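First the structure, in the form of structure tokens, and then the observations on it.
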Amino acid sequence: MGLTGKCAVVTGASRGIGRAIALELASQGAKIVVNYSGSAQHAQNVVEEIQAHGGQAIAVQANVADTDSVQQLMKTAMDTFGSIDILVNNAGITRDNLLMRMKDDEWDDVINTNLKGVFLCTKAVTRQMMKQRAGRIINISSIVGVAGNAGQANYVAAKAGVIGLTKTTAQELASRNILVNAVAPGFITTEMTDGLPADLKDAMLKQIPLAKLGQPEDVAKAVAFFASNNANYITGQTLHIDGGMVMV
Amino acid sequence: MSTVIERVSKVIIDRLGVDESEVKAEASFRDDLGADSLDVVELVMELEDEFDMEISDEDAEKIATVGDAISYIEKKIS
């Protein structure tokens, strides 16, 4: 299997896209650190599912927006598996509101988790990856970070920031064989999108050339590709996984 | 037991691939020894490992020459 023996840290891996990524990387042989913030039971379920298929995984609670918490997460990963070969920055939240009504804390919470969290986790693994002279960092952005989305100023700003951060990190670390890429999912079926009103969903479907929602597994497969040796000559890129919604 | 100077010199020679004769106290990592900014970060990381100590980012930014590194470490372990 392509990722046998590699250790992957996946943030926000208890549910949704993060869960699918953890399961996909595990199915290719990687040992998984299932990071979660609040959903201990869901994280444990992911660990057990990986173990049931003969894989290795642990669940580790950490708040990606907190420096000490992130340090502890990466230390636990190192102590348990002895290396960090793949980091998937997936943890994210939404606090949607119109710009005019958006409160400071709604802005700050989303920027702190979705953007600062990527910075902190990346910074915390680079030391180890530089020593290894190898590493893969895959950031989960969003198609709205490319195209914008009314009602999500905070989320869009964070996700667009992640794309810029991806490019800069890729440039800084390329000489150490650390490859950094992003994926930008479109409309994917998760708990986050299940809560949207039906008329909004219909309107979004009309904008998708493939005329259907994506599945978390569609994103997970692309992440696994970036983590694999099939992507040895790709860095600093953002891959849209959106059924053709945004073509630029 | 090697001296601090010998141990620091060895780390620098291994990391930067320079000749022993170039490693003088006044030699600047970036200007004289061909290190880029990332090399200096790595060098500090390896010195931390070699001497089993933590060098803060603020302190690390002040280490520009071979002499800076040696005097910093000598002060820290004494």
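The values are calculated or read from the model by the stated rules, or taken from the named source; none is laboratory data. Source: prediction; values computed, not measured. Here the Cβ positions follow ideal geometry from the backbone for every residue, glycine too, while neighbour counts run over all protein chains shown. All accessible areas refer to the heavy atoms of the entire protein, side chains included, with ligands and DNA or RNA removed. Shrake-Rupley method; radii C 1.70, N 1.55, O 1.52, S 1.80 Å.
How about segment A:124-149: which of its residues are free of Cβ contacts under 8 Å to residues at least 60 places away in the same chain and assigned to a helix (DSSP H, G or I)?
Once the filter is applied, which keeps residues that are free of Cβ contacts under 8 Å to residues at least 60 places away in the same chain and assigned to a helix (DSSP H, G or I), segment A:124-149 yields A:124, A:126, A:127, A:128, A:129, A:130, A:131, A:132, A:144, A:145.
Which numbered condition trips up residue A:150, out of (1) under 19 Å from residue A:240 (Cα atoms); (2) modelled with pLDDT under 95?
Going through the list (1) under 19 Å from residue A:240 (Cα atoms); (2) modelled with pLDDT under 95, residue A:150 breaks only (1).
Return the residues of segment B:46-67 that are within 11 Å of another protein chain (Cβ to nearest Cβ) and either buried (at least 18 other Cβ atoms within 10 Å of the Cβ) or over 14 Å from residue B:7 (Cα atoms) (or both); say none if nothing qualifies.
First, pick out the residues of segment B:46-67 that are within 11 Å of another protein chain (Cβ to nearest Cβ): B:46, B:48-49, B:57.
Listed by number, the list holds a single entry, B:57.
What tally of residues in segment A:130-149 results from selecting those that are of a type in the set (Lys, Arg), buried (at least 16 other Cβ atoms within 10 Å of the Cβ) and within 14 Å of another protein chain (Cβ to nearest Cβ)?
Our first condition is that a residue be of a type in the set (Lys, Arg); within segment A:130-149, this holds for A:131, A:133, A:136.
Filter once more, so that each one left must be buried (at least 16 other Cβ atoms within 10 Å of the Cβ): A:136.
Filter again for within 14 Å of another protein chain (Cβ to nearest Cβ), leaving none.
Residues that pass the stated criteria total 0.
Among (1) open to solvent by 70 Å² or more (accessible area, probe 1.4 Å); (2) free of Cβ contacts under 8 Å to residues at least 60 places away in the same chain, where does residue A:217 come up short?
Exception for residue A:217: condition (2).
From (1) surrounded by 16 or more Cβ atoms within 10 Å (Cβ to Cβ); (2) away from chain A (no Cβ under 14 Å); (3) more than 10 Å from the chain's Cα centre (by Cα); (4) not acidic (Asp, Glu), pick out the condition that doesn't hold for residue B:30.
(1)
Here is a check on your reading of the model: is residue A:125 crowded, with 18+ Cβ neighbours inside 10 Å and either away from chain B (no Cβ under 14 Å) or over 16 Å from residue A:8 (Cα atoms) (or both)?
no
Can you pull out the residues in segment B:1-15 that are within 14 Å of chain A (Cβ to nearest Cβ) and more than 18 Å from residue B:71 (Cβ to Cβ)? Even if it seems obvious, please write down each step before you answer.
Within segment B:1-15, the first condition is being within 14 Å of chain A (Cβ to nearest Cβ), and the residues that meet it are B:11, B:14-15.
B:14, B:15 - these are the residues of segment B:1-15 that are within 14 Å of chain A (Cβ to nearest Cβ) and more than 18 Å from residue B:71 (Cβ to Cβ).
Yes or no: residue A:192 open to solvent by 70 Å² or more (accessible area, probe 1.4 Å) and of a type in the set (A, V, I, L, M, F, W, C)?
Values: open to solvent by 70 Å² or more (accessible area, probe 1.4 Å): yes; of a type in the set (A, V, I, L, M, F, W, C): yes.
So residue A:192 fits the description; yes.
Mind checking which residues of segment A:174-209 are part of a loop (DSSP other than H, G, I, E, B) and in contact (Cβ under 8 Å) with a residue 60 or more places away in the chain?
Answer for segment A:174-209, where residues must be part of a loop (DSSP other than H, G, I, E, B) and in contact (Cβ under 8 Å) with a residue 60 or more places away in the chain: A:186, A:190.
Which condition does residue B:36 not pass, out of (1) away from chain A (no Cβ under 14 Å); (2) out of contact with any helix residue (DSSP H, G or I) (no Cβ under 7 Å at 6 or more places or on another chain); (3) at pLDDT below 95, if it passes all the others?
Going through the list (1) away from chain A (no Cβ under 14 Å); (2) out of contact with any helix residue (DSSP H, G or I) (no Cβ under 7 Å at 6 or more places or on another chain); (3) at pLDDT below 95, residue B:36 breaks only (1).
The conditions are (1) touching a strand residue (DSSP E or B) at 6+ places or on another chain (Cβ under 8 Å); (2) away from chain B (no Cβ under 14 Å), and residue A:204 fails exactly one of them. Which is it?
Of the numbered conditions (1) touching a strand residue (DSSP E or B) at 6+ places or on another chain (Cβ under 8 Å); (2) away from chain B (no Cβ under 14 Å), the odd one out for residue A:204 is (1).
Within segment A:25-43, track down each residue that is surrounded by fewer than 22 Cβ atoms within 10 Å (Cβ to Cβ) and either at pLDDT below 95 or not hydroxyl-bearing (Ser, Thr, Tyr) (or both). Working first, answer last.
First, the residues of segment A:25-43 that are surrounded by fewer than 22 Cβ atoms within 10 Å (Cβ to Cβ): A:27-29, A:37-42.
Scanning segment A:25-43 gives A:28, A:29, A:38, A:39, A:40, A:41, A:42.
Those residues that are touching a Gly at 6+ places or on another chain (Cβ under 7 Å) and among the aliphatic types (A, V, I, L, M), I need them from segment A:85-107; list them, please.
Within segment A:85-107, A:91, A:98 meet the criteria.
Can you report the number of residues in segment B:11-21 which are surrounded by 15 or more Cβ atoms within 10 Å (Cβ to Cβ) and assigned to a helix (DSSP H, G or I)?
5
Among A:152, A:171, which is the only one that is touching a residue at least 24 places away in the same chain (Cβ under 8 Å), within 14 Å of another protein chain (Cβ to nearest Cβ) and surrounded by fewer than 23 Cβ atoms within 10 Å (Cβ to Cβ)?
A:171
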